[in-house]
Amino acid sequence: MSADEVVSRLESGMTLGIGGWGSRRKPMSLVRALLRSRVTDLTVVSCGGPDIGMLAAAGRIRTLVAAFATLDSIPLEPHYRAARERGALELMEIDEAMFLWGLRAAANRLPFMPVRAGLGSDVMRVNPGLRTVTSPYEDGETLVAMPALRLDAALVHVSRADGRGNGQYLGPDPYFDDLFCEAAEAAYVSCERIVDTAELTKETAPQTLLIKRHTVAGVVESPRGAHFTSCVPDYGRDEAFQKQYATTSWAEFAGRFLDGDEHAYQSAVRDWHEEAAHE
C-alpha cells in the first residue's frame, strides 16, 4: 500500500495506536500522511514523541493516552507541551507498566489486566475513572484494574517487512510495536525496505521477526520513513533537524516541511541540511 492508501482507511473519531518510543522508530511517514488528510478528533495511544507533537499542534487529537511525550535528547516534546498548556486535548497519563498491561489486555481481548503499578501514586488521583480489584485468592491483594487499550487502528515502523505483513526490527529494542498490532482491529506497517520472506531470517535471528502477518492489514515501503526519529541500524536520530523542529513555530515548520507529499518532505529536509552546512 501507499501511505495515503493507509490513511484513506482511517476515520475521524477513531482510537489510533502509534508505535515506536519517544523519538525512536516512529512511523513518521504515516503520521505525515495523516496530517495531509482531514482525519481528526482522534484518541491516540502512544509512547509519545514527535508523532504526538505534530498531531497535537495540528489539532487532530481529542484524547491522548500516554506515559510520556519526549524527544529523548529534548526531554519534553515542545509542541505537545504547548497543546497541553492551552488545554487543546484531554490526557490519560499512566505509568509505563500500566500502558504495557493495557496493550496486553487488548491484545488478548480481555477487558482489563490487574497490575500493581499506579498504586500509592497520583496516577489514581488524576485518572478517577480507574478502578481497583481484589484478588479472589487467599492473599486478597488490591490491584489496579488497567483497562484494555483497544485500538481501531495501529501504525508502526520497522526495519524490514515482506509483502505479507511479517515485520522485522534490527535495532536494540522492539518497543511495544507487536502489541500495538495485536491490540488493533487493523494494523499498518511501514518499513525501510520490503524484502522476500526468506531474507527476513537469512542473516538474522528469527527473534527479530517482531510482527506476524496475521495481525497486519497493509505494508508500506517507506525509506527513511521514521525520519527525523531514529531507525537503527539504518540511521540514527537527525539531531540537528529535530532541534530545528523543536525550536520553530508549528506554522513555520509545517509550512516549509509538511506542505506536500513525502517526496517533497524528504527533499525539503535535504535542502535544509545543505543550507545549514553553509551557514
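FYI, it's all coordinate maths here, none of it is from the lab. Predicted model only: the values in this text are computed from it and were never measured. No Cβ is skipped: glycine too gets one built from the backbone with ideal geometry, and neighbour counts run over all protein chains shown.
In table form, for the structure just shown:
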quantity: Theoretical gain in end-to-end length, Ala88 to Thr132 [0.36 nm per residue, Cα-Cα removed]; calculated: 12.9 nm
quantity: For the stretch 1-100, diffusion coefficient by Stokes-Einstein and Kirkwood Rh (Cα), 37 °C, 0.692 mPa s, µm²/s; calculated: 245 µm²/s
quantity: For the stretch 137-207 versus the stretch 1-40, the gap between their alpha-carbon centres in whole angstrom; calculated: 16 Å
quantity: Alpha-carbon gyration tensor eigenvalues x 5, square-rooted, for the chain, Å; calculated: 31, 24, 17
quantity: Amide H contacts under 5 Å for Gly167, placed H, 5+ residues apart; calculated: Leu210, Ile211, Lys212
quantity: Net charge of Cβ neighbours under 15 Å - reference Asp173; Lys, Arg +1; Asp, Glu -1; calculated: -1
quantity: Estimated FRET transfer efficiency when R0 is 35 angstrom, pair Asp139-Ala240 (beta carbons, to 0.05); calculated: 0.05
quantity: Arg109-Arg81 FRET efficiency (beta carbon distance; Förster radius 45 Å; 0.05 resolution); calculated: 0.80
quantity: Contact order relative to length of the chain, as percent, for alpha carbon pairs under 8 angstrom and 6 or more apart; calculated: 19 percent
quantity: Nearest 10 degrees, 0 to 90: helix 96-107 Cα axis against the chain principal axis; calculated: 90 degrees
quantity: The stretch 50-124: C-alpha gyration tensor shape, a/c 1.5 cut-off, then a/b vs b/c; calculated: prolate
quantity: Rounded, prolate or oblate (a/c below 1.5 giving rounded, otherwise prolate when a/b exceeds b/c) for the stretch 129-189 by Cα gyration tensor; calculated: prolate
quantity: Stretch gain in nm, segment Asp173-Glu5, where the contour uses 0.36 nm per residue and the Cα spacing is subtracted; calculated: 57.6 nm
quantity: Helix-only CD estimate at 222 nm, as mean residue ellipticity for the chain, using -39500 (n - 2.57) per DSSP H run (n ≥ 4); calculated: -8500 deg cm²/dmol
quantity: Against the rule of thumb 2.2 N^0.38 Å, how large the Cα Rg of the stretch 6-61 comes out; calculated: 0.99
quantity: Whole-number percent relative contact order across the stretch 109-228, with pairs defined as alpha carbons under 8 Å at least 6 apart; calculated: 25 percent
